[in-house]
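The values are calculated or read from the model by the stated rules, or taken from the named source; none is laboratory data. Given the structure is predicted, the values throughout are model-derived calculations rather than measurements. Note: ideal-geometry Cβ built from the backbone for every residue, glycine included; neighbour counts use all protein chains shown. Ligands, DNA and RNA are excluded from the accessible area calculation, which covers all protein heavy atoms including side chains. Shrake-Rupley method; radii C 1.70, N 1.55, O 1.52, S 1.80 Å.
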Amino acid sequence: TELVITYDIVKYKPGETFRVWVNVYTESGSKLIPKALSGDAGSNIAGGSYKRIVWDMAADQAFLDENIAVVVLAESETFAGSAKPRGRQQPAGKKEGISVAGAMGYALLLPGLGRRVINGSGASWLLGVAGYVCIGGSIYMNNSAFDTYENYKNAVDPQERTDLYNEALNQDRLSKVLALGALSIWVTDLIVTSVKAGKARKHDYYSQRVSFNLSYDPRSRQPLIGLKYRF
């Protein structure tokens, strides 16, 4: 089985040559580095359009049963050190390569902040403000319930004692509701953030600007999968 990859090198200087290689990412998150490549791969590749690489998947024992993303990378040999591998640029404001643990660390500090870092924008951090408001409110109502209960114990009038007791109960209930609300905000945000962080890392592999095509090689009498990546 062969995978045919076509690509263009559109930004180059006269006489400039490149080292070209391929990375393959599976849908489950694994990374493969193909070795059995022929065509416009390796060293001394000139710039231009309609470059073609053929990957002999059988020779590399790459028997895949899931979706893959193929990324063609290149760096200048002529201007070594001055050119970076050409690939998709990270969108401005978005934190590159954020891990699930890193995103959840932000979420622990402030609910919504982890998602804000992943997305690069948005007001999800306001969820954290609501969480801290719930914590503050819970502490305030708990202290109020304690003070009211102390007043109840010191009261003499039966009606006043009844009113103070009921008020203390209501304040205690509200304190617990606010505490539960804060806990729900933190737990829910941690779960959502971990899922989004995992999807964001996987999406980095599959959001390349690629196109696929199918063709038939009459010499080998085999169907060929074509992929074109422009960088």
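Of the candidates MET141, MET104, the single residue that is at pLDDT 75 or above and either among the small types (Gly, Ala, Ser) or crowded, with 16+ Cβ neighbours inside 10 Å (or both) is MET141. Candidates are the residues of the stretch 144-166 that are farther than 30 Å from ASP189 by Cβ and of a type in the set (Ser, Thr, Tyr); the one that is least open to solvent (accessible area, probe 1.4 Å) is THR148. For LYS84, state whether it is at pLDDT below 80, open to solvent by less than 60 Å² (accessible area, probe 1.4 Å) and in a loop (DSSP other than H, G, I, E, B). Here the answer is no, as LYS84 does not meet what is asked.
Answer yes if at least one residue in the stretch 118-137 is polar (S, T, N, Q), open to solvent by 80 Å² or more (accessible area, probe 1.4 Å) and either under 13 Å from LYS196 (Cβ atoms) or at pLDDT 85 or above (or both), and no otherwise. The answer is yes; a qualifying residue exists. Residue count for the stretch 156-211, restricted to those that are assigned to a helix (DSSP H, G or I), at pLDDT below 90 and among the hydroxyl-bearing types (Ser, Thr, Tyr): 6. Those residues that are closer than 17 Å to GLY42 by Cβ and of a type in the set (Asp, Glu), I need them from the stretch 3-31; list them, please. Answer for the stretch 3-31, where residues must be closer than 17 Å to GLY42 by Cβ and of a type in the set (Asp, Glu): just GLU16.
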